[in-house]
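Have a look at the structure below, then the notes.
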């Protein structure tokens with residue numbers, strides 16, 4: 001029977017969680033390492049974590065080994081318990097890898113409803129927003145809702 005990884009004390013767990021968020025935000029953790037670290041932080045074995053998150057053990061093992069091709073739903077199932085979700089984020093502050101503004105904007109403008117090229121609403125698979133510990137969207141926003149000043153198309 002596999003043994004559970006030892007659970008750290010609360011202060012150590014908080015430091016490890018902060019290190020996870022930092023590693024995700026700065027890109028120093030790849031997906032496999034991030035998922036392994038999340039599972040270790042949970043104190044669960046692979047079968048326990050997979051069952052807890054509604055995944056097959058094989059799917060979790062593939063993701064942790066870097067050989068899987070997980071869906072966004074699978075990644076969100078894994079990351080959700082840590083206040084994280086998968087999202088699209090700009091490659092650079094301007095929103096493109098070349099630093100050029102996104103199509104439809106002038107060189108100094110950000111896409112409508114956003115600032116600094118940041119994605120509207122929600123968070124990315126990275127560190128939670130400043131001032132939050134759960135990774136929940138900042139106060140006054142809700143995931144899935146259009147940013148203030150935009151219409152939902154209805």
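Quick one: if the Förster radius is 25 Å, what FRET efficiency do residue 72 and residue 9 give, using the C-beta to C-beta distance and rounding to 0.05? Result of the calculation: an efficiency of 0.15. Extension gain for residue 81 to residue 32 (0.36 nm times residue separation, less C-alpha to C-alpha distance): 16.0 nm.
Read-outs throughout are calculated quantities, based only on the coordinates presented, and are distinct from any laboratory measurement. Predicted, not measured: the structure shown is a model, and the values here were computed from it. Counting neighbours? That spans all protein chains shown, and the Cβs are built from the backbone with ideal geometry, glycine included.
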